[in-house]
Amino acid sequence: MLLCPISFVNSLIPTGFSYGSVRCSLADGNGSSVKRTTLHDLYEKEGQSPWYDNLCRPVTDLLPLIASGVRGVTSNPAIFQKAISSSNAYNDQFRELVQSGKDIESAYWELVVKDIQDACKLFEPIYDQTDGGDGYVSVEVSPRLADDTNGTIEAAKYLHEVVDRPNVYIKIPATAPCIPSIKEVIANGISVNVTLIFSLARYEAVIDAYLDGLEASGLSDLSRVTSVASFFVSRVDTLIDKMLEMIGTPEALDLRGKAAVAQAALAYRLYQKKFSGPRWEALVKKGAKKQRLLWASTSVKNPAYPDTLYVAPLIGPDTVSTMPDQALQAFIDHGTVSRTIDANVSEAEGIYSALEKLGIDWGKVGSQLEDEGVESFKKSFDSLLDTLQEKANTLKFVIS
């Protein structure tokens with residue numbers, strides 16, 4: 001399976017241009033006029049940055065997406081597992097790494113770092129135009145470190161150093177052991193994408209870690225230390241919908257497909273509260289930027305739901321929506337741009353409370369989803385290392 005479908009990339013290119021010519025003209029900046037899309041409106045009218053939740057080779061496949069309004073990229077172990085195991089584009093570099101004596105895991109990180117560096121280069125103009133406000137590419141520390149505070153800190157420092165690009169985000173999971181890691185990494189002046197956030201309580205801890213890190217940094221200019229908090233959406237409905245179906249009452253069944261967006265709306269309200277007041281204003285005087293809320297897990301898992309369910313109701317200023325192919329294509333095709341995230345907070349409160357009254361424990365939901373998310377990424381990571389080991393064996397190289 002190709003992870004970067006050419007049909008999707010081609011759909012973003014103006015009629016009459018071949019993919020190759022547009023890619024080249026965009027690359028040297030002479031460019032053909034790519035039509036405006038809803039993604040441009042999303043950013044220019046409502047202040048939300050559309051990002052692409054995918055990365056594979058050739059990285060230049062991102063160019064038509066950038067022209068269509070995409071302003072950043074997120075990656076994770078599952079994305080790289082699919083990209084590397086389903087493509088021959090990594091074989092030459094992998095062969096060289098193996099021949100030079102690299103072990104499998106070291107070779108994996110070199111493959112990943114090259115993709116991240118190449119993608120960072122493509123988004124650097126956006127980073128520069130926004131004075132470091134946008135145009136980021138995210139790379140995640142090893143999922144094996146999700147319960148290792150110090151290991152995560154060291155891995156984040158290492159990735160920041162080897163990628164060596166101003167617009168890289170180091171992804172750190174929002175597990176309890178990694179909350180102190182986030183503070184420490186931010187305090188070291190490294191920009192962070194905090195991932196796998198599933199509950200309001202954990203989200204508040206993530207914000208506090210960011211603020212604590214900025215305060216502990218000792219930097220007089222905080223403008224280059226930025227962060228996003230990746231709040232996961234569709235997986236919340238997937239789990240809670242199953243619980244509601246088990247309850248089975250008309251009231252419970254009527255709440256299906258509503259939990260995730262409601263919790264996200266309350267997360268945005270928390271964001272507004274935490275990034276105001278005397279503590280935040282003191283940091284703003286040193287150039288601090290808000291830790292933007294990033295909506296992750298935006299693809300619709302239930303075919304009965306609208307395909308823009310986790311994008312359209314979550315539009316608001318100073319946010320990011322990272323979308324895989326399905327969600328991105330759907331929103332470009334028929335998405336509506338208007339500020340929706342705080343349009344009906346009282347309704348969101350009502351849904352959140354109604355679910356609690358039915359016996360849904362939001363804390364347990366968040367913990368279960370976090371455990372499942374970490375486990376899923378570990379599985380992808382281990383599977384990819386196994387695939388690379390097989391590739392190495394096929395190449396008839398012996399790796400110790």
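Observations on the model:
- Shape of segment 150-223 from the C-alpha gyration tensor: oblate (a/c of 1.5 or more and a/b not above b/c, with a ≥ b ≥ c the square roots of its eigenvalues).
- Computed in the context of the full set of protein chains, the accessible area of segment 297-400 at 1.4 Å probe radius has 50% of its extent on carbon or sulfur.
- Scattering profile of segment 270-400 at q = 0.15, 0.22 Å⁻¹ [log10 I(q)/I(0), Debye over alpha-carbon scatterers]: -1.03, -1.35
- Cross-link check: pairs Lys157/Lys183; Lys242/Lys378; Lys183/Lys289 evaluated at a Cα-Cα cut-off of 20 Å; pairs beyond the cut-off: Lys242/Lys378.
- Here the peptides 128-135, 200-207, 63-70 are ranked by packing, the mean other Cβ count within 10 Å, and the order with the highest first is 63-70, 200-207, 128-135.
- Taking the inverse of the mean reciprocal distance over all distinct Cα pairs, the Kirkwood hydrodynamic radius of segment 330-383 comes to 14.6 Å.
- DSSP H segments from the chain that extend 15 Å or more along their own axis, Cα-based, with Kyte-Doolittle mean of 0.0 or above: 200-216, 234-247, 259-274
- Once C-alpha pairs closer than 8 Å and six or more residues apart are averaged by separation and normalised to the residue number of the chain, the relative contact order reads 19 percent.
- Over all Cα atoms in segment 208-264, the spread is summed up by Rg and Dmax: 19.1, 57 Å.
- Formal net charge of residues neighbouring Asp118 (Cβ-Cβ distance under 12 Å; K, R +1; D, E -1): +1
- Size check on the chain: the Cα extents along the three principal axes, sorted descending, read 60, 52, 50 Å.
- With only the Cα atoms considered, segment 153-274 has a convex hull volume of 113 Å³ per residue.
- Aspartates and glutamates with Cα under 19 Å of Lys121, excluding same-chain neighbours fewer than 8 positions away: Asp28, Asp53, Asp61, Glu110, Asp131, Asp134, Glu140, Glu161, Asp164
- Working note: Cα atoms of segment 222-330, range along each principal axis, descending, whole Å: 52, 31, 17.
- Highest-first packing order for the peptide set 306-313, 217-224 is 306-313, 217-224, based on the mean count of other beta carbon atoms within 10 Å.
- Greater than 27 Å apart at Cα, pairs in Lys35/Lys301; Lys273/Lys301; Lys290/Lys357; Lys114/Lys379: Lys35/Lys301; Lys273/Lys301; Lys290/Lys357
- Under 16 Å of direct C-alpha separation, and excluding same-chain neighbours fewer than eight residues apart, Lys274 reaches these aspartates and glutamates: Glu204, Asp208, Asp212, Glu215, Asp318, Asp342.
- Amide H contacts of Val320 (H built 1.01 Å from N, in plane; Pro and chain starts excluded): Ser49, Leu293, Leu294, Trp295 sit under 5 Å, all sequence-distant by 5 or more or on other chains.
- Computed from backbone phi with θ = phi - 60° and the Karplus coefficients 6.51, -1.76 and 1.60, the 3J(HN,Hα) list for segment 306-311 is x, 6, 10, 4, 9, 10 Hz; x is used for glycine and proline.
- Annotation: per residue accessible area for the chain equals 41 Å², rounded to a whole number [probe 1.4 Å, protein chains only].
- Cα-based shape type of segment 68-158, given that a ≥ b ≥ c are square roots of the gyration tensor eigenvalues and the cut on a/c is 1.5: oblate
- Gap separating the Cα centres of segment 135-181 and segment 375-392, nearest whole Å: 19
- Rounded percent of accessible protein surface that carbon and sulfur make up, segment 96-157, 1.4 Å probe: 42
- Computed helical MRE - 222 nm, the chain, DSSP H runs ≥ 4 contributing -39500 (n - 2.57), nearest 500: -16500 deg cm²/dmol
The values are calculated or read from the model by the stated rules, or taken from the named source; none is laboratory data. Note that this is a predicted model, so its numbers are computed, not measured. Heads up, the Cβs are rebuilt from the backbone with ideal geometry, glycines too, and the neighbour counts pull from every protein chain shown. When the accessible area is computed, the model is the full protein with side chains, heavy atoms only, and any ligands, DNA or RNA have been set aside. Shrake-Rupley method; radii C 1.70, N 1.55, O 1.52, S 1.80 Å.
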